[in-house]
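This report refers to the structure that appears directly beneath it.
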Amino acid sequence: MAKHDRAESAGHPNARLRQTGRQPSRPTPPECDYRELYIGLIRLHVLHHACQEPVYGFAMIEELRRHGYELSAGTLYPILHSLERKGLLVSVKERFGGAERRVYRATPAGYAALLAAKAKVRELFGELFEEENSEESSRP
Ligand SMILES: [Zn+2]
């Protein structure tokens, strides 16, 4: 993204003006710096799966990795705990072989929260991609 911006501004007539502007050009932050931006998506993702089936930490980390989110247990567990504190998930310890595992399920409040969030996501999605489509159609 930064590379693209730089290439664009280099050829731009106002490039010099922009460069002397207040904002210094910064390197693109590493992926993990976007975590704050993605955290709501990750939480919704967890809630979505907990509405479909019981989930547990390790499997959720794997699932999120499949979607391109690299989360450590140290990041995921606080998410599960806070969703449980808010009453959206409920957990029980279950025995798998010799080990115990904490399994999370959505509560009725969790289902309701997901439903409400879906409406918000749909709206945002529409706006994000509506813009993209109109940009495409306005190109010569
Ligand atoms: Zn998923």
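Among the conditions (1) in contact with a strand residue (DSSP E or B) (Cβ under 9 Å, 6 or more places away or on another chain); (2) at pLDDT below 95; (3) acidic (Asp, Glu), the only one that GLU127 does not satisfy is (1).
The residues of region 68-107 that are aromatic (Phe, Trp, Tyr) and away from the ligand (no atom under 16 Å from the Cβ), listed by number, are TYR77, PHE96.
Of all residues in region 37-44, at least one satisfies being open to solvent by 30 Å² or more (accessible area, probe 1.4 Å), away from the ligand (no atom under 16 Å from the Cβ) and at pLDDT below 95.
Beta carbons closer than 9 Å, at least 6 apart along the sequence or on distinct chains, pair a first residue in region 36-59 that is within 20 Å of ALA119 (Cβ to Cβ) and part of a helix (DSSP H, G or I) with a second that is among the basic types (Lys, Arg) and away from the ligand (no atom under 15 Å from the Cβ) for ILE42/ARG35; ALA50/ARG105; CYS51/ARG105. For region 68-116, the set of residues classified as out of contact with any strand residue (DSSP E or B) (no Cβ under 8 Å at 6 or more places or on another chain) and buried (at least 16 other Cβ atoms within 10 Å of the Cβ) consists of TYR69, LEU71, THR75, LEU76, ILE79, ALA113, listed by residue number. Based on what the data block shows, is ARG65 over 14 Å from ARG43 (Cβ atoms), within 16 Å of the ligand (Cβ to nearest atom) and either open to solvent by 50 Å² or more (accessible area, probe 1.4 Å) or in a strand (DSSP E or B) (or both)? The answer is yes for ARG65. Screening region 45-62 for residues that are within 14 Å of HIS81 (Cα to Cα) and open to solvent by less than 40 Å² (accessible area, probe 1.4 Å) and picking the one that is farthest from the ligand (Cβ to nearest atom) gives GLY57.
The values are calculated or read from the model by the stated rules, or taken from the named source; none is laboratory data. Here the structure is a predicted model, which is why all the values come from computation and not from measurement. Positions of Cβ are backbone-derived with ideal geometry, glycine not excepted, and every protein chain shown enters the neighbour counts. Note: areas computed on protein heavy atoms with side chains; ligands, DNA, RNA excluded. Shrake-Rupley method; radii C 1.70, N 1.55, O 1.52, S 1.80 Å.
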